[in-house]
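J.: Below you will find the structure I want to go over with you.
The values are calculated or read from the model by the stated rules, or taken from the named source; none is laboratory data. Keep in mind that this is a model prediction, so the values were computed, not measured. For neighbour counting, all protein chains shown are included, and Cβ atoms are generated from backbone atoms with ideal geometry for every residue, glycine included. Each accessible area value is taken on the protein alone, full model and side chains, heavy atoms only, with ligands, DNA and RNA left out. Shrake-Rupley method; radii C 1.70, N 1.55, O 1.52, S 1.80 Å.
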Amino acid sequence: MNLFKYFQMETFRKYFSMCLGLFFLISCEINDPKIRTVSGEIPASAMGKTLHHEHLLVDFIGADSTGYHRWNKAEVIEKVLPYLLEIKKSGYQTLVECTPAYLGRDPELLKILAEKSGIQIMTNTGYYSAVGGKYIPEHGFTEAADQLAERWIAESKNGIEGTGVYPGFIKIAVDRKPLEEINRKVVEAACITHKATGLVIMSHTGLAVPAFQQLEILKKYGVNPSAFIWTHAHNEQDFAKHTEAAKMGTWIAFDNFTPDQLERYVAFALLMKKEGLLNKVLFSHDAGWYDPGKAGGGKFRGFTDIEELLIPALKKGGLEQKDIEQLFVVNPATAITVQIRLTES
Ligand SMILES: [Zn+2]
């Protein structure tokens, strides 16, 4: 082959691989769904290793008295930042902050903590209707589901209170018993919001009875169970209920891991793997947090038990590295992706 032809071929090769790379990037951009962090939108593939249910600040004083005046951001940052840096060291990239409005949600604080730590943080829209409505603002009782949804959709479209921070999911809560009217209303509002925004519904639930009651409401609204995270599902003792809900597409969150529950969490994961349902399981600590009602924010529970205890025990029990990736990378990204999920009609 003469030199001229060789260079021609090299140029072609380079040009071709450049085009291929460009095509790959563009198709990734189109096909890769989005996650909304407090610092902006990222591709779901950039979510990385994730703790899907934690808290950085929670204020229990009640909807009528809480507000940003209750804590000093600098003090909170000083206390909380080391715990974020600690999980960053073990490779975690994203922490989903599940504190709803009127319980201490502070989008600006979360944005600063995300910048300082390098951990991607997510926040939410929605109301917490457990505990007899203590954390529901007055308008939550008087307005109808569609009016509440209008407020949450507005946050999703315009950001939260002019901060430029957008919610990445819907957080609601119902009581750990059959649904009352206020519980039903927030679930209905969450369904309406999901259909308008594609934000997943994370619902503090606990037992199977209110979980399946909520899935009935989703069905009425034509929302697919894959848009619903059964939060605190570990409170339900009957694993058969978990597998039943997971087979429908529901996300099952065992999200309050503590060392004393090690055996049960491992048994649950192994059962779900055997049933082919590991792709519906979410684990987290539900830990943290700075409590403005306590001196110095009170005692903070860190976010390392899963890395130090649960993951090694899951591997010892027979899960492979790809299963661990499924639980802490693939599942959170799939669940929390912004995507409208409807039942097939
Ligand atoms: Zn929580």
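J.: Output the relative contact order of region 194-259, whole-number percent, from Cα pairs under 8 angstrom with separation of 6+ residues.
T.: That works out to 34 percent.
J.: Bin all alpha-carbon pair distances of region 190-345 at 5 Å intervals from 0 and give each bin's fraction as a whole percent.
T.: Reading upward from the zero bin: 2, 9, 18, 20, 19, 14, 10, 6, 2, 0, 0.
J.: Accessible area per residue for the chain in Å², computed with a 1.4 Å probe and the full protein assembly in place, what is it?
T.: 45 Å²
J.: May I pose another question? Using alpha carbon centroids, what distance separates region 250-265 and region 54-91, in Å?
T.: 23 Å
J.: While we're on this one: Helix-derived [θ] at 222 nm for the chain: sum -39500 (n - 2.57) over DSSP H runs of at least 4, divide by residue count, nearest 500?
T.: Taken over the chain, the calculation gives -13500 deg cm²/dmol.
J.: Would you grab the residues whose amide H sits under 5 Å from the one on residue 102? Only those 5+ places off in sequence or on another chain, please, with H modelled 1.01 Å from N.
T.: When sequence neighbours closer than 5 places are left aside, there are no close amide H contacts.
J.: Same structure again: For the pairs 79/273; 157/280; 220/294, flag any whose C-alpha to C-alpha distance is greater than 32 Å.
T.: Pairs exceeding the cut-off: 79/273; 220/294.
J.: Please report, in debye to the nearest 20, how large the charge dipole of region 35-336 is about its Cα centre when each Lys and Arg carries +1 at its beta carbon and each Asp and Glu carries -1 there.
T.: Using Cβ point charges on Lys, Arg, Asp and Glu, region 35-336 gives about 460 debye.
J.: What pairs in 195/219; 88/322; 34/88; 88/111; 134/171 have C-alpha atoms more than 18 Å from each other?
T.: 88/322; 34/88, as the Cα separations exceed 18 Å there.
J.: Grab the other residues whose beta carbon is less than 14 angstrom from that of residue 245, score K and R as +1, D and E as -1, and report the net.
T.: -1
J.: Let me ask something additional. Could you give the angle, 0 to 90 degrees to the nearest 10, between helix 107-117's Cα long axis and the longest principal axis of the Cα atoms of the chain?
T.: The angle comes out at about 40 degrees.
J.: Once you wrap a convex hull around the alpha carbon atoms of region 114-261, what is its projected area averaged over all directions, in nm²?
T.: Its average projected convex-hull area is 10.0 nm².
J.: For region 119-130, in order, what is each residue's ³J(HN,Hα) by Karplus, 6.51 cos²θ - 1.76 cosθ + 1.60 with θ = phi - 60°, in whole Hz (x at glycine and Pro)?
T.: 3J(HN,Hα) across region 119-130, in whole Hz: 8, 6, 10, 10, 10, 9, 10, x, 10, 9, 9, 6.
J.: Considering only protein heavy atoms and a probe of 1.4 Å, how much of the accessible area of the chain is carbon and sulfur, as a whole percent?
T.: The C+S portion of the solvent-accessible surface of the chain is 56 percent.
J.: Percent of Cα-Cα pairs per 20 Å bin, from 0 to the last occupied bin, for region 35-336, please list those.
T.: 36, 60, 4
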